[in-house]
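Report on one structure; see the data block that follows.
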Amino acid sequence: MNVLKVYTKNIEVFSDLYAGLENLTLSEGQETEVEGVKVSGGGQVEEEYLDEMRVKLDVAVLKVKRQNVTILQHSDMFEVLIPA
């Protein structure tokens, strides 16, 4: 899965940005700013990463079924996991 990291802890801000992330492709470590919020490429992660994060108490997991996208909210960021 490809990962995009969105550095905000505000769900409303993330929701406003989400539509603009659909066509965004960033390689690992590459950064950009979307509507004043830092977004970076997190590279590739395996399914095991998602399994590990799901059991943590401080991680919220959201699923966008129509796009098969998983969103992890933790710390001060959202991680958008997109199937490769």
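Values in this text are rule-based calculations from the coordinates and carry no lab data. Not measured: the values here are computed from a predicted model. FYI the Cβ positions are ideal-geometry reconstructions off the backbone, even for glycines, and counts take in every protein chain you see.
Quick rundown of the values:
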{"read-out": "Rg/Rg_globular for the chain, with Rg_globular taken as 2.2 N^0.38 Å and Rg from C-alpha atoms", "value": "1.00"}
{"read-out": "Nearest-20 debye value, region 3-69 charge dipole, Cβ charges on Lys, Arg, Asp, Glu", "value": "240"}
{"read-out": "Sum of side-chain charges, LYS56 neighbourhood, beta-carbon under 14 Å (Lys, Arg +1; Asp, Glu -1)", "value": "-4"}
{"read-out": "Relative contact order %, the chain, counting alpha carbon pairs below 8 Å whose residues are six or more apart", "value": "39"}
{"read-out": "Inter-site label distance for ASN10 and THR32 at 7 Å from Cα along Cβ, in nm", "value": "2.2"}
{"read-out": "Gained length - THR25 relative to LEU50, 0.36 nm times residue gap less alpha-carbon distance", "value": "7.0 nm"}
